[in-house]
Ligand SMILES: [Zn+2]
C-alpha cells in the first residue's frame, strides 16, 4: 500500500494487493477530514475501483472536485455507499449525483445508506437539494439490517450496523474464492496460451500428449480479496467482524484513515 503524506492535497491512490492477477483494483482516497476541512485535506471521500465496478464511499463536500483531481469520472461510479448522514460523509452526494446527470451516465447507480432514522427521506433531500435536469437512474438501497445487500460477479457486498450517535452502517466487499494458476506446473504440462484459459474455464484439458490435466493439478486455491469500510464507530462487535475478516489480504479504510491522520 502506498500513501504519501508529503502531498496531502492530492487524492492518493493505493494498490490493494500485489498477488492478485487482476490489476485494476485500487482505493483512491479523495479526502479524510471530518467535520471541518483543512487547507490540505478535503472532507471524506473514497473511490474503490474493483475490476469493472467503481464504488464511491461517503462522498463528503467537495468530492466532485476531488474526483476531478484524481482522474475519477462520474461514469466510473456504479455504486455509492454512505455510512451515515453526518455532513462530512454525505454533503457531496448532491454534486456527484448531479454530475452523473450532467455527464449522461447511462447505467443504473445503486445508492446504499442506513434506513433507520428516516434515511430514505434524508437521502431524497440530498438528491433533490437543488433544481437540476435529473437524468441518472438511481436505485435506492436503504440498509435495514445486517447481511448481504448486493451480489455481483466480482463481489458480495455486506453491511452491518455500527455504534455511532446516528444510524450508521459499515460495509464489506468480498470476492468469491478462486484459484491461482501455477506457472511452473503449467509449463511442465506444456499448457500455454489460450489453453490456460480453457483449463480455467472447463476445469480440465487434454494435452497434445493425450494426458488429461485437471485444474487442481496446475493451480492452487486463492482466497478472495476483501475490503472493509468502517467509519466513525465506537468499538463494537460489528466493526470487528467487518474489519477482522479483511486481515492482511486487502485494505481496511478505517485503518487507512487512521494512518493518514498522523
Ligand atoms: Zn459521524
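The values are calculated or read from the model by the stated rules, or taken from the named source; none is laboratory data. As the structure is a prediction and not an experimental result, all values here were calculated from the model. Please note: Cβ atoms are built from the backbone with ideal geometry, for glycine as well, and neighbour counts cover all protein chains shown.
Take residue 83 and tell me if it is assigned by TED's automatic domain parsing to the domain that holds residue 51 and within 21 Å of the chain's Cα centre (by Cα). Taking the combined requirement at face value, the residue satisfies it. Could you tell me whether residue 186 is surrounded by 13 or more Cβ atoms within 10 Å (Cβ to Cβ), in contact with a helix residue (DSSP H, G or I) (Cβ under 9 Å, 6 or more places away or on another chain) and modelled with pLDDT of 95 or more? Taking the combined requirement at face value, the residue does not satisfy it.
Number of residues in the stretch 146-163 that are within 23 Å of residue 236 (Cα to Cα) and either surrounded by 13 or more Cβ atoms within 10 Å (Cβ to Cβ) or not assigned by TED's automatic domain parsing to the domain that holds residue 89 (or both) equals 10.
Give 131, 157, 126, 186 a once-over and let me know the one that is closer than 17 Å to residue 81 by Cα and either away from the ligand (no atom under 16 Å from the Cβ) or touching a strand residue (DSSP E or B) at 6+ places or on another chain (Cβ under 7 Å) (or both). First the steps, then the outcome.
Details: 131 fails: closer than 17 Å to residue 81 by Cα; 126 fails: either away from the ligand (no atom under 16 Å from the Cβ) or touching a strand residue (DSSP E or B) at 6+ places or on another chain (Cβ under 7 Å) (or both); 186 fails: closer than 17 Å to residue 81 by Cα.
Residue meeting the stated conditions: 157.
Restricting 166, 143 to residues that are surrounded by 16 or more Cβ atoms within 10 Å (Cβ to Cβ) and either within 16 Å of the ligand (Cβ to nearest atom) or at pLDDT 95 or above (or both) narrows the list to 143. Annotation note: Cβ proximity below 6 Å between a residue of the stretch 180-203 that is under 24 Å from residue 223 (Cβ atoms) and a residue that is surrounded by 13 or more Cβ atoms within 10 Å (Cβ to Cβ) and modelled with pLDDT under 90 (sequence gap 6+ or interchain) occurs for 180/222. Among the conditions (1) touching a residue at least 40 places away in the same chain (Cβ under 8 Å); (2) in contact with a helix residue (DSSP H, G or I) (Cβ under 7 Å, 6 or more places away or on another chain); (3) surrounded by 23 or more Cβ atoms within 10 Å (Cβ to Cβ), the only one that residue 55 does not satisfy is (2).
What's the total number of residues in the stretch 82-122 that are in a helix (DSSP H, G or I) and away from the ligand (no atom under 16 Å from the Cβ)?
Step one: list which residues in the stretch 82-122 are in a helix (DSSP H, G or I), which gives 87-89, 93-102, 119-122.
Cutting the leftovers down to away from the ligand (no atom under 16 Å from the Cβ) gives us 94-102, 120-121.
Residues flagged as in a helix (DSSP H, G or I) and away from the ligand (no atom under 16 Å from the Cβ) within the stretch 82-122 amount to 11.
Checking the structure you have, find out if any residue of the stretch 216-233 is more than 30 Å from residue 116 (Cα to Cα), without any contact (Cβ under 8 Å) to a residue 40 or more places away in the chain, assigned to a helix (DSSP H, G or I) and in contact with a strand residue (DSSP E or B) (Cβ under 6 Å, 6 or more places away or on another chain). Among the residues of the stretch 216-233, not one is more than 30 Å from residue 116 (Cα to Cα), without any contact (Cβ under 8 Å) to a residue 40 or more places away in the chain, assigned to a helix (DSSP H, G or I) and in contact with a strand residue (DSSP E or B) (Cβ under 6 Å, 6 or more places away or on another chain), which makes the answer no.
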